[in-house]
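The block underneath contains the structure these notes are about, expressed in structure tokens.
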């Protein structure tokens, strides 16, 4: 009988990635409050440097609000090709240690180093070596979280940001989660956290008072996940072949668009990007979604699902035009439009089992 042995999971999260790349490429921006995305008048912040975060500027914040909070804030346009280039360099560093790398985005990933290419027994040592390599070879800093499951590793990576490292050992897990504020639980969103607080749940200790059946009764399918987390039984595997579930693009406009012809012209430009990305990835999808953000930041989405997969620009374009009219054309200024193709046609590949070693 094989004894089940503890896994070693690392979560690496780059520090203020987009903003840090801009400061790396432009030394004159180092040490200054910086926002990537939008402009002083329009759009939203895609990323903020730590100097800007000190003023309450953060990603997804309206640029106009960010500018009010930080009058000296410098806005730069995003350069996603450059970010992808740097991300590729970072992923190659990860692959020196393990092929079990699951990217979550350009700037973060899970690594299963239970069995690794260097034969190192210490996940802490591996995380330190990776962070050192990223700083020496690329010039950026990264934070790392180390634990025996994905939830705790990701949580740990936030504890000592920026440029930090934290470990949550198996024997520390329950006590750690008991003290953890409910809004700090990865996977519990803002609305759910508010709902929980209204029910008297403020920390992990409060959540632990509910058994599995009660969690499912209150929160549905997500309740199973919450139960696995608080019992330190998160058995999700690191999936190196993690397949994205949707491909899309969107655009924020410098001025609100109020005419149908303007919307169609911008949607055509957005569609070309989406189709190019679909074809580059060799993917097709069944569900097309139109996203509309109005001048008052209200967001509406309209979707249509097909009985077949498609990456055909003309077919998707006809659906997008129909969605723009259904149920009615927008009746006020539009500040953002987006198109997403989801229900993609390649199934996610499960990662194979790996040898396990002492933590």
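Read the figures in this text as sums done on the coordinates, not as results from a lab. Remember, predicted model here, so these are calculated numbers, not experimental data. Heads up, the Cβs are rebuilt from the backbone with ideal geometry, glycines too, and the neighbour counts pull from every protein chain shown.
List of remarks:
- Additional length obtainable on full extension of the chain from residue 58 to residue 129, 0.36 nm per residue less Cα span: 22.6 nm
- Most tightly packed first, judged by the mean number of other beta-carbon atoms within 10 Å of their residues, the peptides 205-211, 256-262 read 205-211, 256-262.
- Each of 196, 91 was scored by other Cβ atoms within 10 Å of its Cβ. Arranged with the fewest first, they read 91, 196.
- Point-to-point label distance, residue 158-residue 264, nm (Cα→Cβ direction, 7 Å offset): 4.5
- Dividing the C-alpha radius of gyration of the chain by 2.2 N^0.38 Å, with N its residue count, gives 1.08.
- If R0 is taken as 22 Å, the Cβ-Cβ distance between residue 178 and residue 235 corresponds to a FRET efficiency of 0.60.
- Taking the average, over residues, of other Cβ atoms within 10 Å as the packing measure, peptides 99-106, 18-25, 169-176, 144-151 rank 144-151, 18-25, 99-106, 169-176 from highest down.
- For the range 24-49, the residues whose amide N sits under 20 Å from a probe point set 7 Å from the Cα of residue 141 along the beta carbon direction are 24-36, 47-49.
- Available extension along the chain between residue 306 and residue 332 is 6.4 nm, counting 0.36 nm per residue and deducting the alpha carbon span.
- Model label points for residue 245 and residue 273, set 7 angstrom from Cα along the Cα-to-Cβ axis, are 2.2 nm apart.
- If you take the Cα centroid of the range 12-87 and the Cα centroid of the range 142-218, the two points sit 28 Å apart.
- Note on residue 314 and residue 25: with the Förster distance fixed at 45 Å, the Cβ-Cβ geometry gives a FRET efficiency of about 0.70.
- Whole-Å semi-axes of the range 1-168's equivalent ellipsoid (Cα gyration tensor): 33, 16, 13
- With 0.36 nm allotted per residue and the present C-alpha distance subtracted, the residue 286-residue 197 stretch has 28.2 nm of extension available.
- Label point distance in nm, residue 77-residue 190, each placed 7 Å from Cα along Cα→Cβ: 2.9
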